[in-house]
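The values are calculated or read from the model by the stated rules, or taken from the named source; none is laboratory data. In this text, all values refer to a predicted model and were calculated from it rather than measured experimentally. Cβ placement follows ideal geometry from the backbone for every residue including glycine, while neighbour counts extend to all protein chains displayed.
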Amino acid sequence: MARRGQERRQPQPQQGDDAGMVGSRPRRRFTLAEARRTLPLVRRIAADVVRAHAVAAGVHRQLSAKPSREERLRLEVELDRAVVKLQGYVDELHDIGVELKDYATGLLDFVTLHEGREVYLCWRPGEETIDHWHETDAGIAGRRPVEASMQLES
């Protein structure tokens, strides 16, 4: 989705990109440098995701309060619109090759290769740059600082 009067430019694949397969769809691999270059764009999209998720969650809470029939119909339309908007932002991240891990916080992972295996470069809102990574099965609890060797792989 474009911002008011602006096109969102998608990063072009660089020499370090490699397409692995996840199910039947290609999976983009980022170098650390590529992920960091993509961050200004995905930071804005992540903020949009967090805002859209908050709207959808708020409408869902209102629906849970068992409103009148008329109010319920209005809220259902509002929820549908919010979900469509949210899905659009998620699709943008997917098109770039970034994995959204948490709708409420905007936590993002970028697939990369480290020592011959796929790992995630990890970013969450509030962080200036991408300075952490974790194993694909470790989650955010397994975050570690980016190693000098990862910067050399870029």
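So here's what we get for this one:
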quantity	calculated
In region 109-127, residue farthest from residue 137 (Cα to Cα) [restricted to those that are outside any strand (DSSP E or B) and in contact (Cβ under 8 Å) with a residue 12 or more places away in the chain]	125
Restricting region 133-146 to residues that are in a loop (DSSP other than H, G, I, E, B) and either touching a residue at least 24 places away in the same chain (Cβ under 8 Å) or under 16 Å from the mean Cα position of the chain (by Cα) (or both), the residue that is surrounded by the most Cβ atoms within 10 Å (Cβ to Cβ)	146
Criterion violated by residue 130 - all others in (1) in contact with a Cys (Cβ under 6 Å, 6 or more places away or on another chain); (2) touching a residue at least 40 places away in the same chain (Cβ under 8 Å); (3) not hydroxyl-bearing (Ser, Thr, Tyr) satisfied	(1)
Scan of region 34-67 for residues that are polar (S, T, N, Q) and without any contact (Cβ under 8 Å) to a residue 24 or more places away in the chain, ordered by number	62, 64
Criterion: of a type in the set (D, E, K, R), touching a Phe, Trp or Tyr at 6+ places or on another chain (Cβ under 7 Å) and modelled with pLDDT of 95 or more - qualifying residue of 109, 80	109
Residue list for region 55-77, filter: of a type in the set (A, V, I, L, M, F, W, C) and surrounded by fewer than 13 Cβ atoms within 10 Å (Cβ to Cβ)	65, 73, 77
